[in-house]
Amino acid sequence: MKIGILNSGGDCPGLNAVIHGVVGAADQLGWEVIGFRDGFEGLLPPGDYCVLKPENTIDILKLGGTILGSSNKGHFAAKIGNGNIAEVPSEIVAKAKRTMDQLGINALVVVGGDGSLTTGLQLYREGWPIVGVPKTIDNDLGATAMTFGFNSAVETVVDSLDRLHTTAASHKRVMVLEVMGRHAGWIALWGGIAGGANVILLPEIPFDLDKISKFIKQRDAQGHHSTLVVVAEGASMPNGGGVVTLDANCGGEVRLGGIGEQVAKSLQKLTGKETRACTLGHLQRGGAPTSLDRILGVRFGVMAVKLAEQGQFGRMVSYQSYHVGSVPIEEAVHQLRLVEPEGELVQAARAIGICFGN
Ligand code: F6P
């Protein structure tokens with residue numbers, strides 16, 4: 001038996017842990033593992049792949065990124081902008097299928113986010129033996145309570161806030177940290193709470209700059225002369241400017257970035273306090289995975305092999321209540337898991353004095 005694996009979409013820490021889990025579990029079953037390079041592109045003739053064995057993947061668990069490479073554009077991109085979905089053209093599917101057949105792949109593990117799993121779902125509906133593994137640093141995929149990579153990103157945010165605290169305090173400044181989170185503010189919320197931020201701005205909660213300015217002035221009056229603001233890249237300015245777009249990426253989705261600078265400029269004007277902005281960007285996606293993400297990745301890989309062994313295709317590995325199980329892929333795609341504006345986590349943050357600007 002042969003199992004294929006590919007990583008598709010933006011990378012995140014823990015992808016190699018999934019590969020490690022798949023290779024280890026498949027080896028126990030006496031299965032061969034084929035790793036396709038650069039996402040679905042590796043399936044196109046003549047095929048770009050390698051044989052993965054325990055001996056050539058022994059050291060990958062602790063590595064960030066993915067040894068297989070990934071792609072979020074190319075011939076298989078499911079998202080074409082504005083949330084629209086495109087089917088992968090039939091001639092591309094047919095070409096890729098020929099590679100699968102020539103290699104004799106019995107199951108294909110697709111490690112990807114919303115867009116890549118949408119492609120996986122299309123292929124499954126066309127008869128491919130697909131098993132999905134959820135991957136998103138933003139942690140916003142439906143039907144799984146957590147994905148690997150998220151915890152590593154949060155750790156980077158917390159480390160950055162710890163550093164910003166000291167320089168902000170020294171200069172009595174407002175520091176604005178822009179973090180990832182395209183549609184959902186999970187990284188900003190978790191990182192902000194754990195890193196001791198005073199203000200957290202999310203895509204899910206519209207904010208009012210005057211309220212934030214009043215909050216900062218009040219802090220000043222109480223003797224707290226520095227303030228840390230965390231803003232998710234997908235949060236929108238109140239003036240209707242919306243999400244800041246740098247340029248359109250060839251894959252279709254717009255690139256975000258710049259909200260931190262805008263918030264900082266406005267707050268400096270409104271409060272009269274020196275304000276600086278800092279954008280974390282891809283620092284959140286790079287580097288070694290935390291132990292939690294390594295364990296989650298390995299467990300996801302092992303479960304993917306189990307689903308393949310049981311012939312449970314069209315399903316995605318899912319994490320719920322400390323348990324790794326599975327759900328139909330269609331339950332996971334097209335329904336993002338957003339922060340609940342009045343949910344328990346936001347309430348807890350409010351209870352310790354964090355301002356959401358509303
Ligand atoms: O969706 C994950 C994500 O990291 C977003 O938070 C971010 O907007 C985007 O990917 C960045 O993508 P790219 O690597 O293509 O710039």
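The values are calculated or read from the model by the stated rules, or taken from the named source; none is laboratory data. Just so we're clear, the structure is a prediction, and the values are computed from it rather than from any experiment. Every residue, glycine as well, gets a Cβ built from its backbone with ideal geometry; the counts of neighbours run over all protein chains shown. In case anyone asks, the SASA skips ligands and DNA or RNA and just uses the protein heavy atoms, side chains included. Shrake-Rupley method; radii C 1.70, N 1.55, O 1.52, S 1.80 Å.
Does ALA17 satisfy the condition of being open to solvent by less than 20 Å² (accessible area, probe 1.4 Å), away from the ligand (no atom under 16 Å from the Cβ) and more than 25 Å from the chain's Cα centre (by Cα)? No, not satisfied.
Here's the yes/no breakdown for (1) buried (at least 19 other Cβ atoms within 10 Å of the Cβ); (2) under 19 Å from the mean Cα position of the chain (by Cα):
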residue: LYS2; (1), (2): no, no
residue: SER8; (1), (2): yes, yes
residue: ALA25; (1), (2): yes, no
residue: GLN28; (1), (2): no, no
residue: ILE34; (1), (2): yes, no
residue: SER71; (1), (2): yes, yes
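Would you confirm whether or not the stretch 260-267 contains a residue that is open to solvent by less than 50 Å² (accessible area, probe 1.4 Å), under 23 Å from the mean Cα position of the chain (by Cα) and in contact (Cβ under 8 Å) with a residue 60 or more places away in the chain? Checked against the condition, which is being open to solvent by less than 50 Å² (accessible area, probe 1.4 Å), under 23 Å from the mean Cα position of the chain (by Cα) and in contact (Cβ under 8 Å) with a residue 60 or more places away in the chain, the stretch 260-267 yields at least one hit.
For GLY286, state whether it is closer than 22 Å to GLU155 by Cα and assigned to a helix (DSSP H, G or I). Judged against the criteria, GLY286 is not a match. Kindly indicate whether any position in the stretch 56-64 is more than 16 Å from the ligand (Cβ to nearest atom), of a type in the set (Val, Ile, Thr) and touching a Gly at 6+ places or on another chain (Cβ under 8 Å). No, the stretch 56-64 has no match at all. Can you confirm whether ASP27 is without any contact (Cβ under 8 Å) to a residue 24 or more places away in the chain and touching a helix residue (DSSP H, G or I) at 6+ places or on another chain (Cβ under 7 Å)? Against the criterion (without any contact (Cβ under 8 Å) to a residue 24 or more places away in the chain and touching a helix residue (DSSP H, G or I) at 6+ places or on another chain (Cβ under 7 Å)), ASP27 does not qualify.
Which ranges mark the helices (runs of 4 or more DSSP H) fully within the stretch 128-243 that have 3 or more residues being modelled with pLDDT of 95 or more and away from the ligand (no atom under 16 Å from the Cβ)?
Numbers: elements: 150-171, 186-194, 209-221.
Hits in the stretch 128-243: 150-171, 209-221.
Among the residues making up the stretch 17-76, a single one is of a type in the set (Ser, Thr, Tyr) and within 17 Å of VAL93 (Cβ to Cβ): SER71. Scanning the stretch 296-324 for residues that are open to solvent by 70 Å² or more (accessible area, probe 1.4 Å) and within 25 Å of GLY127 (Cβ to Cβ) turns up LYS306, GLU309, GLN310. Checked against (1) in contact with a Cys (Cβ under 6 Å, 6 or more places away or on another chain); (2) free of Cβ contacts under 8 Å to residues at least 24 places away in the same chain, ILE137 passes all but condition (2).
In contact with a Phe, Trp or Tyr (Cβ under 7 Å, 6 or more places away or on another chain) and either open to solvent by 70 Å² or more (accessible area, probe 1.4 Å) or at positive phi (or both) - does that describe any residue in the stretch 325-338?
Restricting attention to the stretch 325-338, the residues satisfying the condition of being in contact with a Phe, Trp or Tyr (Cβ under 7 Å, 6 or more places away or on another chain) are 329.
Going one step further and asking which of them are either open to solvent by 70 Å² or more (accessible area, probe 1.4 Å) or at positive phi (or both), we end up with none.
No: the stretch 325-338 contains no residue that is in contact with a Phe, Trp or Tyr (Cβ under 7 Å, 6 or more places away or on another chain) and either open to solvent by 70 Å² or more (accessible area, probe 1.4 Å) or at positive phi (or both).
Scanning the stretch 161-178 for residues that are open to solvent by 20 Å² or more (accessible area, probe 1.4 Å) and within 23 Å of the chain's Cα centre (by Cα) yields a total of 1. Does LEU6 satisfy the condition of being within 16 Å of the ligand (Cβ to nearest atom) and closer than 15 Å to LYS135 by Cα? Considered against the rule, which asks whether it is within 16 Å of the ligand (Cβ to nearest atom) and closer than 15 Å to LYS135 by Cα, LEU6 comes out as no.
Considering each of THR147, THR136, THR118 in turn, give the residue that is more than 14 Å from the chain's Cα centre (by Cα), open to solvent by less than 20 Å² (accessible area, probe 1.4 Å) and under 15 Å from LEU336 (Cβ atoms).
Working: THR147 fails: more than 14 Å from the chain's Cα centre (by Cα); THR136 fails: more than 14 Å from the chain's Cα centre (by Cα).
Only one candidate qualifies: THR118.
If we scan the stretch 306-318, do we find a residue that is under 24 Å from THR118 (Cβ atoms), part of a helix (DSSP H, G or I), of a type in the set (D, E, K, R) and modelled with pLDDT of 95 or more? Full working, then the answer.
If we filter the stretch 306-318 for residues that are under 24 Å from THR118 (Cβ atoms), which is where we start, we get 306-308, 310-318.
From what is left, the residues that are part of a helix (DSSP H, G or I) are 306-308.
Next cut, of a type in the set (D, E, K, R) only: 306.
Right, trim to modelled with pLDDT of 95 or more and you get 306.
Scanning the stretch 306-318, I find at least one residue that is under 24 Å from THR118 (Cβ atoms), part of a helix (DSSP H, G or I), of a type in the set (D, E, K, R) and modelled with pLDDT of 95 or more, so the answer is yes.
Of all the listed residues (ASP38, ASP59), the sole one being open to solvent by 30 Å² or more (accessible area, probe 1.4 Å) and at pLDDT 95 or above is ASP38.
Scan the stretch 268-291 for residues that are within 16 Å of the ligand (Cβ to nearest atom) and surrounded by fewer than 20 Cβ atoms within 10 Å (Cβ to Cβ) and jot them down. Write out each step before concluding.
Start the filter on the stretch 268-291 by keeping residues that are within 16 Å of the ligand (Cβ to nearest atom), which leaves 279-287, 289.
Once the filter is applied, which keeps residues that are within 16 Å of the ligand (Cβ to nearest atom) and surrounded by fewer than 20 Cβ atoms within 10 Å (Cβ to Cβ), the stretch 268-291 yields THR279, GLY281, HIS282, LEU283, ARG285, GLY286, GLY287.
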